[in-house]
Structure formats: structure tokens, C-alpha cells
1. Residue by residue through segment 281-305, note down the ones that are within 10 Å of the ligand (Cβ to nearest atom) and either open to solvent by less than 60 Å² (accessible area, probe 1.4 Å) or touching a residue at least 24 places away in the same chain (Cβ under 8 Å) (or both).
2. Give me a count of the residues in segment 115-151 that are in a helix (DSSP H, G or I) and either of a type in the set (D, E, K, R) or open to solvent by less than 10 Å² (accessible area, probe 1.4 Å) (or both).
3. Y55 fails exactly one of the following numbered conditions: (1) under 22 Å from I153 (Cβ atoms); (2) outside any loop (DSSP other than H, G, I, E, B). What is the number of that condition?
4. In segment 309-324, how many are assigned to a loop (DSSP other than H, G, I, E, B) and either in contact with a Phe, Trp or Tyr (Cβ under 8 Å, 6 or more places away or on another chain) or open to solvent by 20 Å² or more (accessible area, probe 1.4 Å) (or both)?
5. For residues in segment 179-207 being in a helix (DSSP H, G or I) and touching a Phe, Trp or Tyr at 6+ places or on another chain (Cβ under 7 Å), which is surrounded by the fewest Cβ atoms within 10 Å (Cβ to Cβ)?
6. For residues that are in a strand (DSSP E or B) and in contact with a Leu (Cβ under 9 Å, 6 or more places away or on another chain), scanning just segment 70-95, find the one that is farthest from T113 (Cα to Cα).
7. Residues in segment 93-102 that are open to solvent by less than 40 Å² (accessible area, probe 1.4 Å) and either over 10 Å from M169 (Cα atoms) or more than 16 Å from the chain's Cα centre (by Cα) (or both): how many?
8. Out of (1) open to solvent by 20 Å² or more (accessible area, probe 1.4 Å); (2) of a type in the set (S, T, Y); (3) more than 14 Å from the ligand (Cβ to nearest atom), what's the single condition that is false for T331?
Amino acid sequence: MAGTIVAEKVETPVRAAAPSKSRKASNSFEIAQAQFDKVAEYLGLDRATRELLRYPFREYHFAIPVRMDDGTVHIFRGFRVQHNDARGPGKGGIRFHPQETIDTVRALSMWMTWKCAVVDIPLGGAKGGVICDPHNLSMREQEQICRGWIRQISQNVGPVSDVPAPDVMTNAQHMLWMLDEFEIIHAGRFPGFITGKPVGMGGSQGRTEATGYGLVFTLREALKELNIRPEATTASVQGFGNVARYAIELYQRLGGRVVAVSCWDQIDQCSYTYRKTSGIVLDELLSVADRFGGLDKSKAAGLGYEQLPGEAWIEQEVDILIPAALENQITGENVGRISPKVRVLAEGANGPTTPEADVKIRERNIWLIPDFLANAGGVTCSYFEQVQSNMNYFWEKDEVLGKLDQKMTAAYYAVSDLARREKLYMRDAAYAIAIGRVAKACRDRGWV
Ligand code: NAD
């Protein structure tokens, strides 16, 4: 194996986690730990379990030297964080991002642990990343980063230990290069090592739709519980990428009407909201969208869409809000702009609501479908991909989506039943189930 793996020893806190009531969390990992602390207190977890779960089990930091197209060598920094694998092999994406930080990767790996546990799939939580900007890299350079990432970590990941997947700015091609490098090193075929592969090369049918559809499966059940007919509802969506598009498609098939979408404009470097009160037409908007999930302003105007400021998506008079773009979008500053009409907040993005805004959402009795439940369809389908790859037998799309619906619906009711029974906020109920399951696995294994 090329290079040296440096496993950073994680510091054990001197005292067990105390709920941080006074201190305002300032980064994603601190937010993830604060959310954990609150529920650990509610569950009455013992000190050792808290110490184990509020930090990653293992993390790897490494250098990836790449000879660039101009002949120079550039050293890229890579990470893999394995938060917890008590319930099964670690699972989580690999992000390529110029502002990637180890704390973001730590937080995301922890959230993966809870996400896999809340939908009750036998996987743990992990996440990886490389500090780089694919916009400025040729395909050959990107391939070298993918192969280099695997060379540095190939002894510490694998089909029975840690199974990576695509994430921000990585795709099926990146996964195939990584799989190929892993198979060269380990001299065999291990399609269950990585997910998000192209269909026909071990990828699963339905993966593209899985996160957006999964969100709508949970939304459909929430509306049933609230006694609201989907046909009588309207929604406003932030984002027009993978998650948003498939969520819009299925929600509109259920009879709902999306009246606004917000997305990022690459040219103006700001976001805009596009509104059509009679209901957006998905195919029409897709015909004027770019590959980054942005829209052509003048063509959208030609199709009758009003153009509003980016944040306007949040103040639309709708029944449902679906943030499906980025983290920290509903904040203490803008939460007051949410219309009194809004009944449901279905979080497609990871961490779209800040802790300050969360308090207000709860006070206003908006029914929340929290991120790691609402957007768990992607990892659930990745799990199906892993199962199919290991069997070397692939299911039809209807079968994949049917199984996805079952998993998401069961997970939704487990959370909402607990929330109603114990009078818990939906986010806390989801955490209580997920953390409870992981803590039990650690105890049953005799770790704590
Ligand atoms: P994507 O890159 O396909 O789309 C992102 C969208 O967000 C684009 O339409 C972009 O224009 C828009 N956007 C970016 N900045 C914006 C801003 N400031 N205001 C308004 N819109 C903005 O990404 P995606 O795969 O759809 O993922 C969206 C979110 O869902 C992310 O938080 C991601 O981590 C999360 N998520 C995705 C998956 C998945 O399977 N794709 C699974 C779980 C969670």
C-alpha cells in the first residue's frame, strides 16, 4: 500500500458529556454533539456510552500526491471518519469540496450512524472527504485523486468493514474508479465494497430517485396522520437538485402543488426563488435547468415564472416547506418569516435548520420530519445496492422502490408513535430511537 496511514487518536473527554445549555454550538460537529448530549440525557445513558458515542471511533487523515496535467505534483488532503460500527459496517459518502473540514466530516459520520439506525438497516456511520474543487480538475486528475484515496485507506475500508458512497461533488464514475483500485489492490471482485455505482456495473435501480421519493413517503404518512389530503396542499421547496426534483415529482403525483422553488444561480452567484402559483410544471423547469440544479432566468421568465429573491421560498403561504439544498438555511433570523399556514416541515437537506430556529419550529407546532429520517431513502437504497452486489443478483426498480417505501414508512411511524406517546419533538424522538438502538448494540457487544 502506498503512503502511511496516520490514525489520529481521539481524545477521550475528561468528564462525560454534560448537555451544553449555555454554550452556543459553533460548528457542525459541536451541533451534532449538542444534539446527542440532549438525547443521551433523556435516555439516561451511562457515562461510558456517552463518551463512546459523542466522538468517532476511528479517523484517518492522509495525503494524496497527484501528478497534475501540467507535470507538477499537488498534495491533496483526504479523510475517513468511522463514527460507529456496532450495528454493522460503516456507511457514508465521500465529499470533494474545497472547504472540507475534519469537523464537518466528523459530524456527518455521526449523523450517518443515527440515520442508518433510525431506518433500522444493519450499518454504522462513516464519512470521508478530500479537500479539492473538481470544477478546476481534469477527469484524469480526479481519477488520480480517487485511486490515491483508495490506496491510502484500502486496508481500513471494505465490504465487511466500511462501505463508501458518492456525496457532494462525487458521482458514479468516481465510485467506479475507487472500486477498480480497491479490486486491483485486493486482487478480486468486491462489488459490495462501494455503492452509488452505475446501473449495469453493480448500481441499483431506483438510487437516483431514492432520497426524494423517500422524503415523500414520510410526508405522505405525516399528512395522513394530520388528516390532511395531499391534493389539498401546496409546498415550497429550496433546491432544484437530485433530492428536490424527485420529491417534487412524487409529491405532485400524489396531487400536491409546488408553487415555488429556490436555487443557486452560477452566473449571478446568488440564489433566486421561482414562483408559479398555479403550480410549477416539473418537465418545463427541467428543460431550462443546468446540471448543477440552477435555472436559466430568462427562459424561466418566458415560461411564466415570477423571479423573487432567493430567501422568498421560506415565506410562501403554503402548507409544506421542503428545504432540499444546504445546511443552516432556516435560522433564528428568518424563521419568523415562515407563514402561519405552514403545517409540515420535511427536511430533505442535512442540517437545514439551526438550533435557534428549531426551538421556534417546535413552539409553533409545525410537524417536523427531521433530516436524518426524511432523507434516509438514499442510504436505504445504498444498503439495497450493497445487498444486491453481494448476492450478484439485481432487483427490478419496482421491487427496490417498494422495499424503500416499506422501510421509510415503518421508520416514520416508529418515530411519530414515540413522539406522540412521550410528547417528544419529532427530532428528539428520532434521535431517541437511533441513539437507543446504537447504545444497545454497544452494550450487547460488551463494549460498554
Ligand atoms: P444537488 O447538488 O443535486 O442540488 C443542490 C441544489 O441546491 C441545487 O438546485 C442548487 O442550485 C441549490 N442551492 C445551492 N445553494 C443554494 C442556495 N443558497 N439557495 C437555494 N438553493 C441553493 O444536491 P442534492 O443531492 O439534491 O442534495 C441536497 C441536500 O440533500 C444536501 O444537503 C445533501 O447533503 C442532502 N442529501 C442528499 C442525498 C442524496 O441522495 N442526493 C441524501 C441525503 C441527503
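1. If we filter segment 281-305 for residues that are within 10 Å of the ligand (Cβ to nearest atom), which is where we start, we get 289-295.
Scanning segment 281-305 gives A289, D290, F292, G293, G294, L295.
2. Initial filter on segment 115-151 (in a helix (DSSP H, G or I)): 115-118, 134-136, 139-151.
Those left that are additionally either of a type in the set (D, E, K, R) or open to solvent by less than 10 Å² (accessible area, probe 1.4 Å) (or both): 115-118, 140-141, 143, 145-151.
Summing the residues that are in a helix (DSSP H, G or I) and either of a type in the set (D, E, K, R) or open to solvent by less than 10 Å² (accessible area, probe 1.4 Å) (or both) in segment 115-151 gives 14.
3. Y55 satisfies every listed condition except (2).
4. 2
5. As a first pass, look at segment 179-207 and keep what is in a helix (DSSP H, G or I): 179-186, 191-193, 207.
Okay, now just the ones that are also touching a Phe, Trp or Tyr at 6+ places or on another chain (Cβ under 7 Å), so 179, 182-183, 193.
Values: L179: 25, F182: 22, E183: 16, F193: 28.
Selected residue: E183.
6. From segment 70-95, those in a strand (DSSP E or B) are 73-84, 90-95; that's our starting set.
Now restrict to residues that are in contact with a Leu (Cβ under 9 Å, 6 or more places away or on another chain): 81, 83-84, 90-93, 95.
On the way: V81: 11, H83: 7, N84: 6, G90: 8, K91: 8, G92: 9, G93: 12, R95: 17 Å.
Of everything passing the filter in segment 70-95, R95 is farthest from T113 (Cα to Cα).
7. Here the count works out to 3.
8. (3)
The values are calculated or read from the model by the stated rules, or taken from the named source; none is laboratory data. As the structure is a prediction and not an experimental result, all values here were calculated from the model. All Cβ positions, glycine included, derive from the backbone under ideal geometry; neighbour counts span all protein chains shown. Please note that ligands, DNA and RNA were not included when accessible areas were found on the heavy atoms of the full protein model with its side chains. Shrake-Rupley method; radii C 1.70, N 1.55, O 1.52, S 1.80 Å.
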